[in-house]
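Here the structure comes first, spelled out in structure tokens, and everything after it is commentary.
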Amino acid sequence: MKFNLNSMSSARGPAIIRNLNRFDVLNTIRLHDNQISRSELAEVTGLSQATISSIVSHLIKEGALVEEGAHPLAIRGRGRPLVSLRLAPNYMHVAGVKIATHQIVVSLTDFTGDVLTSENISCEPLEFTASQLADFVAKAVRVCVKKAKMEFSDVSGVGVGLPGYVDCGSGTVYWSPVFQSRNVAFGAMLTPKFDVPVFVENDANLVTLAEHWFGLAKGLKHVSVITIEHGTGSGLIINGSLFRGARGIGAEFGHTKLVFDGPPCQCGQNGCMETHTAGFAILREAQAVGFRIPAKKLDYHARLDLLRKVVERAENGDQRYRKIFHQMGQYLGLGIANLVNLINPERVVVCEGAVTCSHLYGESLRSTIREMVIAPLRDNFDLMIHHWGDEVWARGAASLVLQELDQRDTTPVQQIVPKAAKRRRRRPRKPR
């Protein structure tokens, strides 16, 4: 199903309020395991029963919601059984894309956020120009849709995540390790290739959305998510919403500064958090204590293999390598402590990538946080470590699209009709 999104730009007053109320209802259903009654919706959202009834009726008529039997709470007093509301999976399908330095992951997701099919494509984005990469992404999305035995006309939007400084509003990538140049209008390059809305976002924000919808941050109002891979990223949920800042590139935890004249960062500056916590920083420190790293340019898989060998040496008790991870935990703990003191989150989730090493830095991480967080907050937030696979990035991209479309006036341009019914409609009637 495709949707007409033009009306949002000219919406005034009541129309905007209706869209916000609609979003509140859909978002609340998502965050309550896709199962909630009308009365509970009114209680959670603060909207009146009449408003909830109107929105729900419209969404059911549209095909976005379905009623399903009696709610597990069954009966309140002598009233009727509470009818459970669920999102209709096939109401909308969206594509999510994660561009990494070594691969592109594409997923097709239904309206509930469940992944229908995925494609992992090994490639080096730096070998492409930005325009060539846009062509490659467009082709990969269509291949994934075809794999699901669907038509692209069934897709309502495309979300693309990549590392770096990304303005989601304009689709501009100010800097990214997957591009040879800066200030790339990637969203503008992608949009003409799809007859649906396209959203470009920082990849750590996508993981944050995935954690907030499906993972360890589900339903929380104030959360920080830190990603540890070749680089260090982060995302913030504040008052239940993804925080982007004035230019759309807020929450760059990996590029907060720790020391003057520190090690060079891949962003072009010095002393960034990720120069002490990311994969490339671990390799730099390992090389300083004698670990051999080839002088030639290494691809992702070669770097990953070296990282695993460094982890293995630390696991085997070599104190030189154990110290690397101990210091990594200290730096990461210092950064998280500053973050906790600044925004007072309920939870901090650290998401690890392909290399799992929290068992080596976890102790120094927690002890540093305990020492550096101010006393009133010390026992009032959780620290959790999560290991996700590649699919989470693309699933987060799909979550971004669903969230953006939920907030707009998604009046269907055409209702979903079985193909057989369409064929019957085209057939002219025989004269009587």
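Remark: pairs (first residue in segment 335-358, of a type in the set (A, V, I, L, M); second residue surrounded by fewer than 16 Cβ atoms within 10 Å (Cβ to Cβ) and in a helix (DSSP H, G or I); Cβ separation under 8 Å; 6+ apart in sequence or on different chains) = Ala337/Glu371; Val340/Leu377; Val355/Arg308. Scoring Met372 on the criteria (1) touching a Leu at 6+ places or on another chain (Cβ under 9 Å); (2) modelled with pLDDT under 80 leaves a single failure, condition (2). If you go through segment 159-206 and keep only what is touching a residue at least 40 places away in the same chain (Cβ under 8 Å), in contact with a strand residue (DSSP E or B) (Cβ under 6 Å, 6 or more places away or on another chain), more than 24 Å from Gly268 (Cβ to Cβ) and not in a strand (DSSP E or B), you end up with Leu190, Phe194, Val196, Pro197.
Filtered by the rule that a residue be open to solvent by 10 Å² or more (accessible area, probe 1.4 Å), under 14 Å from Gly389 (Cα atoms) and in contact with a Lys or Arg (Cβ under 7 Å, 6 or more places away or on another chain), segment 94-117 gives a lone residue, Val115. For first residues located in segment 212-240 and basic (Lys, Arg), partners that are part of a helix (DSSP H, G or I) and lie 6+ apart or on another chain with Cβ distances below 9 Å form the pairs Lys218/Leu31; Lys218/Glu211; Lys218/His212.
The rows are residues; the columns are (1) farther than 29 Å from Val106 by Cβ; (2) surrounded by fewer than 21 Cβ atoms within 10 Å (Cβ to Cβ); (3) at pLDDT below 95.
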{"position": "Leu216", "(1), (2), (3)": "no, yes, yes"}
{"position": "Ile237", "(1), (2), (3)": "no, no, no"}
{"position": "Arg244", "(1), (2), (3)": "no, yes, yes"}
{"position": "Ala251", "(1), (2), (3)": "no, no, yes"}
{"position": "Met273", "(1), (2), (3)": "yes, no, no"}
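Of everything in segment 254-267 that is open to solvent by 60 Å² or more (accessible area, probe 1.4 Å) and either of a type outside the set (A, V, I, L, M, F, W, C) or under 18 Å from Leu283 (Cα atoms) (or both), the residue that is farthest from the chain's Cα centre (by Cα) is Asp261. Against the list (1) surrounded by fewer than 15 Cβ atoms within 10 Å (Cβ to Cβ); (2) at pLDDT below 95; (3) among the charged types (D, E, K, R), the condition Arg308 fails is (2).
The values are calculated or read from the model by the stated rules, or taken from the named source; none is laboratory data. All values derive from a computational prediction rather than experimental measurement. Backbone-built Cβ (ideal geometry, glycine too); neighbour counts: all protein chains shown. Calculation scope for accessible area: heavy atoms of the full protein, side chains included, ligands and nucleic acids excluded. Shrake-Rupley method; radii C 1.70, N 1.55, O 1.52, S 1.80 Å.
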